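The values are calculated or read from the model by the stated rules, or taken from the named source; none is laboratory data. What you are looking at is a predicted structure, and each value in this text was computed from that prediction instead of being measured. Neighbour counts are summed over all protein chains in view; Cβ atoms, including those assigned to glycine, are modelled from backbone coordinates with ideal geometry. Keep in mind that these areas ignore ligands, DNA and RNA; they rest on the heavy atoms of the full protein, side chains included. Shrake-Rupley method; radii C 1.70, N 1.55, O 1.52, S 1.80 Å.
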Amino acid sequence: IVRKYNFLGIEKEQRTASTRDRYELAKYLIELRITAISYFRDFCLILLGIFSAAFGVKGFLLTNKLIDGGATGISLLTNAVTGVPLWIMLILINIPFILLGSKIVGREFAIKTSMAISVFALVIATVEFPNVTDDKLLVAIFGGFFLGAGIGLSVRGGAVIDGTEVLAIYLSRKFGTTIGDIIGIINISIFCVAAYFLSIEIALYSMITYLSASKTLDFVVEGIEEYMGVTIVSSHSEDIAKMIISDMERGVTVYSGKRGYG
């Protein structure tokens with residue numbers, strides 16, 4: 001009888017271990033599937049963003065000698081002044097931003113960004129896009145639209161194809177300013193140089209390009225979430241407000257009220 005109960009106990013433990021193994025295997029396969037879908041989604045977003053940005057640059061800006069802000073704008077300006085191929089400048093100018101991004105954001109971000117910028121430069125060098133229009137106002141608006149949409153889609157995929165935002169994040173943390181202020185100062189400097197080396201007219205049209213690109217970028221990244229808010233009712237409202245301001249770097253509005261029922 002003792003031998004029989006021992007045998008049943010061992011058999012029960014074996015069944016439990018087998019069930020646990022099947023559960024761990026199923027959990028691993030589900031996590032692997034979720035990770036694969038996530039990486040595939042990021043890949044599609046980054047690739048779509050690269051072609052959108054390349055179309056904005058080669059189909060609108062490059063042939064009409066307009067520029068944008070950020071690292072792409074610096075590359076376009078250098079190409080217009082010196083004649084160095086644009087794809088080379090895109091890689092060279094973004095290298096410091098990639099190294100900085102690996103330090104302040106993470107290694108995975110730096111790897112994705114380096115691959116995205118390399119493919120972006122390759123598309124600029126090899127793929128031909130039609131010159132859509134020579135009307136400078138249309139070029140400024142729609143060139144900025146496609147460029148901003150491309151950068152925004154890449155950000156959605158976990159990478160950037162314009163490294164200026166990485167520098168802005170670093171300087172804003174170091175000097176306590178906002179990211180928008182840093183980007184604004186960088187772009188004002190770029191447009192001043194463009195006005196000197198190219199012309200004031202091109203610099204003014206380029207400002208329109210930048211405004212179009214930045215608004216499109218904000219909409220693609222934030223979407224309608226930019227106009228949404230969350231109402232939180234809690235007895236720990238002060239702690240939650242501090243966390244939102246310090247950790248999430250978002251603004252809060254505090255309402256004072258009293259209960260009207262019960």
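Determine which member of the set Lys258, Lys242 is modelled with pLDDT of 70 or more and loosely packed, with under 10 Cβ neighbours inside 10 Å.
After applying the criteria, what remains is Lys258.
Can you pull out every residue in region 230-262 that is hydrophobic (A, V, I, L, M, F, W, C) and under 30 Å from Arg173 (Cβ atoms)?
Listed by number, the residues that qualify are Val230, Ile232, Ile240, Ala241, Met243, Ile244, Ile245, Met248, Val252, Val254.
Can you tell me which residue in region 214-231 is farthest from Val160 (Cα to Cα), limited to those that are open to solvent by 90 Å² or more (accessible area, probe 1.4 Å) and either hydrophobic (A, V, I, L, M, F, W, C) or modelled with pLDDT under 80 (or both)?
The selected residue is Val230.
Among the residues of region 104-145, which ones are over 25 Å from Arg156 (Cβ atoms) and open to solvent by less than 40 Å² (accessible area, probe 1.4 Å)?
Scanning region 104-145 gives Thr133, Val139.
Please work out if Ser52 is assigned to a helix (DSSP H, G or I), under 23 Å from Thr113 (Cα atoms) and either of a type outside the set (A, V, I, L, M, F, W, C) or modelled with pLDDT under 80 (or both).
Criteria met by Ser52.
How many residues does region 185-213 contain that are at pLDDT below 85 and touching a Gly at 6+ places or on another chain (Cβ under 8 Å)?
Number satisfying all stated conditions: 2.
Does region 55-84 hold any residues that are open to solvent by less than 60 Å² (accessible area, probe 1.4 Å), of a type outside the set (Gly, Ala, Ser) and outside any helix (DSSP H, G or I), and which are they?
If the condition is that a residue be open to solvent by less than 60 Å² (accessible area, probe 1.4 Å), of a type outside the set (Gly, Ala, Ser) and outside any helix (DSSP H, G or I), then Leu66, Ile67, Asp68, Val84 are the ones that fit.
Scan region 133-184 residue by residue and report those that are at pLDDT 85 or above and farther than 18 Å from Ile50 by Cα.
If the condition is that a residue be at pLDDT 85 or above and farther than 18 Å from Ile50 by Cα, then Thr133, Asp134, Asp135, Lys136, Leu137, Leu138, Val139, Ala140, Ile141 are the ones that fit.
From Leu153, Leu171, which residue is touching a Leu at 6+ places or on another chain (Cβ under 7 Å) and either of a type in the set (Ser, Thr, Tyr) or more than 15 Å from Asn64 (Cα to Cα) (or both)?
Leu153
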